[in-house]
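What follows is a short report on a single structure.
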6 protein chains.
Amino acid sequence: MTVYLTRRERFNAAHKLWVKDWSDEKNREMFGKCSNKNWHGHNYHLYVTVKGQPDPVTGFIMNVKDLSKILKKHVVDKLDHSNMNLDVDFIPEGMQPTTENLVVLIWQQIEEQIKEHGAALHCVKLYETENIYAEYYGE
Amino acid sequence: MTVYLTRRERFNAAHKLWVKDWSDEKNREMFGKCSNKNWHGHNYHLYVTVKGQPDPVTGFIMNVKDLSKILKKHVVDKLDHSNMNLDVDFIPEGMQPTTENLVVLIWQQIEEQIKEHGAALHCVKLYETENIYAEYYGE
Amino acid sequence: MTVYLTRRERFNAAHKLWVKDWSDEKNREMFGKCSNKNWHGHNYHLYVTVKGQPDPVTGFIMNVKDLSKILKKHVVDKLDHSNMNLDVDFIPEGMQPTTENLVVLIWQQIEEQIKEHGAALHCVKLYETENIYAEYYGE
Amino acid sequence: MTVYLTRRERFNAAHKLWVKDWSDEKNREMFGKCSNKNWHGHNYHLYVTVKGQPDPVTGFIMNVKDLSKILKKHVVDKLDHSNMNLDVDFIPEGMQPTTENLVVLIWQQIEEQIKEHGAALHCVKLYETENIYAEYYGE
Amino acid sequence: MTVYLTRRERFNAAHKLWVKDWSDEKNREMFGKCSNKNWHGHNYHLYVTVKGQPDPVTGFIMNVKDLSKILKKHVVDKLDHSNMNLDVDFIPEGMQPTTENLVVLIWQQIEEQIKEHGAALHCVKLYETENIYAEYYGE
Amino acid sequence: MTVYLTRRERFNAAHKLWVKDWSDEKNREMFGKCSNKNWHGHNYHLYVTVKGQPDPVTGFIMNVKDLSKILKKHVVDKLDHSNMNLDVDFIPEGMQPTTENLVVLIWQQIEEQIKEHGAALHCVKLYETENIYAEYYGE
């Protein structure tokens with residue numbers, strides 16, 4: 001019996017989409033206003049889903065407080081009020097901080113941490129706006 | 001061709017997380033403020049998804065009014081304005097009313113009812129707050 | 001490595017559920033107030049999910065602006081402020097514009113367009129109200 | 001001491017904006033896609049605010065169940081799944097069912113009913129979409 | 001020049017509406033399911049609005065972190081995961097914890113604290129569910 | 001008879017709160033993580049309310065399409081995907097782009113434009129996150 005548990009966290013960050021080997025025109029053509037050199041930003045809503053079997057005594061897959069602590073320490077504290085092109089150790093230099101890339105990078109930050117608490121990471125979902133979100137299931 | 005149809009219902013209930021064989025300290029350590037002896041409560045948002053093939057004449061997998069009636073009779077009328085540790089016949093005594101346990105118990109309440117209407121239950125999803133939800137897919 | 005990207009669009013439309021070979025009573029019994037001869041309407045929220053591998057340079061599965069253009073041209077411009085029983089070329093005459101039927105019809109409108117942009121259509125999800133939505137995964 | 005209490009109700013309806021003395025072109029120019037002859041529709045969210053002094057025994061300004069009953073009987077049952085240009089007795093023939101006109105008409109439907117329950121109507125607020133709403137305060 | 005600044009906080013609590021001098025029948029008649037002896041509960045969303053003139057250097061009416069600290073210390077820490085009929089020092093015994101009474105009691109808890117930070121309390125707004133909220137403006 | 005009409009628009013922008021005459025420590029103390037030198041950002045939700053009397057023929061206070069055009073031209077096109085400390089002509093150099101200052105600056109951008117369309121500006125409301133918003137009523 002597998003049950004899925006999801007925790008939402010939020011962070012606010014700046015970024016731009018900009019390939020340094022490209023001309024301004026090519027960047028503008030591909031990324032539109034997202035290529036503004038002086039950055040822009042978003043309120044990101046992060047949903048992380050873990051799966052497992054509820055413990056017969058506690059009724060928990062894993063303690064949601066522990067899940068929240070992992071997310072805060074390894075993801076939110078690093079991304080919140082950051083510039084994602086400049087400030088974040090787990091985003092490789094030159095990699096575009098698109099929503100698609102972020103869900104993969106966030107997965108890598110927390111997969112092991114969650115395993116140590118007896119659950120399995122199932123999905124990382126990230127809203128950039130109310131109109132756009134990405135998901136990653138680890139494969 | 002399989003289409004999925006989801007209906008949301010809501011209920012407001014009290015509960016606490018508390019293992020009676022444990023000391024107060026151990027309960028507090030595991031469950032935090034959720035172990036308050038005098039209870040606390042939530043507005044629960046329940047999303048139930050059924051699947052099937054749309055009927056060629058009506059365009060329905062099953063009539064959503066019937067789905068809503070099943071949910072009201074077998075789930076919402078029993079949980080709404082209840083104390084989930086004390087008042088609900090389908091929650092076994094001593095089982096913690098965590099979101100994880102609730103989605104499994106709700107599944108068991110409605111799986112057969114939905115089958116009788118020609119559709120198959122696909123998912124039970126329950127929000128405890130805007131930051132926490134659980135899902136169960138029946139296996 | 002597969003990442004999923006979702007774009008939301010919105011449209012407002014009128015419809016009724018009404019089988020012309022049935023009596024008024026039978027229509028009323030099956031469809032309730034949805035059978036009102038003079039129509040009613042909804043604010044529809046459409047979520048379309050595509051999947052693929054993020055491009056190593058742009059970090060995109062496909063450019064979300066292109067996804068939005070496809071949805072606007074092939075779906076939203078045809079449905080927005082329309083009567084879905086009368087005005088829409090891709091809804092066959094006599095087919096009920098239920099949420100279940102609409103997700104299948106919308107899938108057919110956009111599957112090829114998305115393939116041409118190097119991604120694969122994964123899911124069409126349509127909210128009719130905050131309490132009801134349907135999903136289709138193409139099979 | 002004045003406290004304000006608000007109750008939300010919802011209804012789904014069709015309408016069009018169309019002045020019969022005008023040409024098609026003039027209607028199109030003023031009302032855009034809202035002038036589609038075959039109608040369109042919305043999910044309307046109605047917020048009605050009453051004011052008064054909380055009763056020292058019950059803590060109620062007025063019983064919110066009574067407020068909900070008034071709204072259902074005099075507003076929602078008449079508007080839900082209706083065509084607001086054709087079906088609703090309290091919308092004068094030829095008056096445009098804009099959000100601005102609707103809040104005034106709804107006010108007139110319920111002002112007396114609320115007074116009879118010992119509270120005063122304070123505001124009628126109506127969302128047509130998540131981007132547009134109107135309010136009326138009775139003067 | 002007066003600008004208004006609003007901060008949202010959340011808490012989850014149990015309560016019941018029950019007049020001890022009344023019979024069970026009379027309580028049931030007045031309060032419906034809210035009179036369940038074993039309690040029920042809600043996710044409360046609290047919006048507190050202060051007003052003042054933005055400081056020419058900081059652009060702040062008052063530091064929103066200070067506003068949040070006041071709300072946490074004097075309101076949320078006392079109400080969160082509480083039973084509002086039993087556990088809260090600022091709710092008089094026997095006073096019904098209705099949304100209407102709560103906004104007045106919360107106002108009294110924080111009016112002075114906000115004044116000490118150079119702003120004025122303008123409004124306390126409390127959502128009990130997505131369908132019901134109360135507001136108090138201090139008079 | 002006065003009716004109020006509100007239009008929502010959205011924009012995504014970067015900013016920081018930073019007084020250049022202050023030390024890093026003092027900036028950090030006052031503004032916390034908002035003082036990050038490399039910026040951060042938000043999804044802003046802007047609600048602009050105008051008031052007037054509905055036209056007896058059109059039922060409009062002012063055409064909401066015109067309101068939207070004014071907001072796009074004078075506010076959203078300038079702020080969307082901008083750095084509000086560097087890129088926006090109507091934000092004076094050195095003025096902190098706090099939510100409180102922004103609502104006043106936005107008011108000044110649109111008051112006259114709305115008057116020219118026969119309505120009066122009533123309120124500018126700006127959400128920085130789901131937990132914080134500011135309002136300005138012009139005095």
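I'd like the residue in segment B:36-50 that is within 14 Å of chain E (Cβ to nearest Cβ) and among the polar types (S, T, N, Q) and, out of all such residues, is most open to solvent (accessible area, probe 1.4 Å).
By that ranking, first place goes to B:N38.
Results for (1) assigned to a loop (DSSP other than H, G, I, E, B); (2) touching a Gly at 6+ places or on another chain (Cβ under 9 Å), shown as yes or no for each residue.
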position	(1), (2)
D:E9	no, no
D:V19	yes, yes
D:E29	no, no
D:G32	no, no
D:N43	no, yes
D:L46	no, no
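Would it be correct to say that C:Y133 is more than 22 Å from C:V3 (Cα to Cα) and open to solvent by less than 50 Å² (accessible area, probe 1.4 Å)?
yes
Quickly run through segment C:108-127 and pick out the residues that are under 12 Å from the mean Cα position of the chain (by Cα), open to solvent by less than 60 Å² (accessible area, probe 1.4 Å) and either at pLDDT below 95 or within 20 Å of C:D89 (Cα to Cα) (or both).
Within segment C:108-127, C:Q109, C:I110, C:V124, C:L126 meet the criteria.
Looking at the structure I just gave you, is D:L71 part of a helix (DSSP H, G or I), open to solvent by less than 10 Å² (accessible area, probe 1.4 Å) and farther than 28 Å from F:P56 by Cβ?
No: the conditions fail for D:L71.
So, C:T49, is that one in contact with a Cys (Cβ under 7 Å, 6 or more places away or on another chain) and among the polar types (S, T, N, Q) or not?
When the stated conditions are applied, C:T49 passes them.
Count, please, the residues in segment A:83-92 that happen to be within 9 Å of A:A14 (Cβ to Cβ) and under 13 Å from the mean Cα position of the chain (by Cα).
1
Could you pull out the residue among A:V19, A:V50 that is of a type outside the set (S, T, Y) and over 20 Å from F:S82 (Cα atoms)?
Only one candidate qualifies: A:V50.
Check D:K78 against each of (1) touching a Phe, Trp or Tyr at 6+ places or on another chain (Cβ under 9 Å); (2) open to solvent by less than 50 Å² (accessible area, probe 1.4 Å) and name the one condition it does not meet.
Answer for D:K78: the failing condition is (2).
F:L86: buried (at least 20 other Cβ atoms within 10 Å of the Cβ) and either part of a helix (DSSP H, G or I) or at pLDDT 95 or above (or both), yes or no?
So F:L86 does not fit the description; no.
Only residues in segment C:1-30 that are closer than 24 Å to D:W39 by Cα and at pLDDT 95 or above count as the first member; pair them with residues that are β-branched (V, I, T) and part of a strand (DSSP E or B), Cβ under 9 angstrom, at least 6 apart or cross-chain, and list the lot.
Between residues of segment C:1-30 that are closer than 24 Å to D:W39 by Cα and at pLDDT 95 or above and residues that are β-branched (V, I, T) and part of a strand (DSSP E or B), the close pairs are C:R8/A:T129; C:R8/A:I132; C:R8/C:V48; C:E9/C:V48; C:R10/D:T129; C:N12/D:T129.
Mind checking which residues of segment B:37-63 are touching a strand residue (DSSP E or B) at 6+ places or on another chain (Cβ under 7 Å) and more than 13 Å from B:A120 (Cα to Cα)?
Passing the criteria: B:N38, B:W39, B:H40, B:G41, B:H42, B:N43, B:Y44, B:H45, B:L46, B:Y47.
Of the conditions (1) away from chain A (no Cβ under 14 Å); (2) open to solvent by 20 Å² or more (accessible area, probe 1.4 Å); (3) of a type outside the set (K, R), F:V3 fails just one. Which one is it?
Looking at each condition in turn, F:V3 falls short on (2).
Select from segment C:95-120 the residues that are within 14 Å of chain B (Cβ to nearest Cβ), in a loop (DSSP other than H, G, I, E, B) and among the aliphatic types (A, V, I, L, M) and list them in ascending order.
Scanning segment C:95-120 gives a single hit, C:M95.
If E:T58 meets every condition in (1) farther than 30 Å from F:E100 by Cα; (2) without any contact (Cβ under 8 Å) to a residue 12 or more places away in the chain apart from one, which number is that one?
(1)
Condition (residue is closer than 18 Å to C:K65 by Cα and of a type in the set (D, E, K, R)) applied to segment C:116-125: is it met by at least one residue?
yes
Of the numbered conditions (1) within 10 Å of another protein chain (Cβ to nearest Cβ); (2) of a type outside the set (K, R); (3) at positive phi, C:C123 satisfies every one except a single condition; which is it?
(3)
Open to solvent by 50 Å² or more (accessible area, probe 1.4 Å), within 14 Å of chain C (Cβ to nearest Cβ) and of a type outside the set (D, E), is that true of B:P56?
Taking the combined requirement at face value, the residue satisfies it.
Taking the options B:K33, B:K16, B:K65, B:K72, name whichever one is within 30 Å of C:M30 (Cβ to Cβ), within 14 Å of chain E (Cβ to nearest Cβ) and among the charged types (D, E, K, R).
Every option except B:K72 fails the conditions.
Has segment F:87-94 got at least one residue that is at positive phi, more than 9 Å from every other protein chain (Cβ to nearest Cβ) and among the small types (G, A, S)?
yes
The values are calculated or read from the model by the stated rules, or taken from the named source; none is laboratory data. Quantities reported herein were computed from a predicted structural model and do not represent experimental measurements. Neighbour counts run over all protein chains shown; Cβ positions are idealised from the backbone, glycine included. Keep in mind that these areas ignore ligands, DNA and RNA; they rest on the heavy atoms of the full protein, side chains included. Shrake-Rupley method; radii C 1.70, N 1.55, O 1.52, S 1.80 Å.
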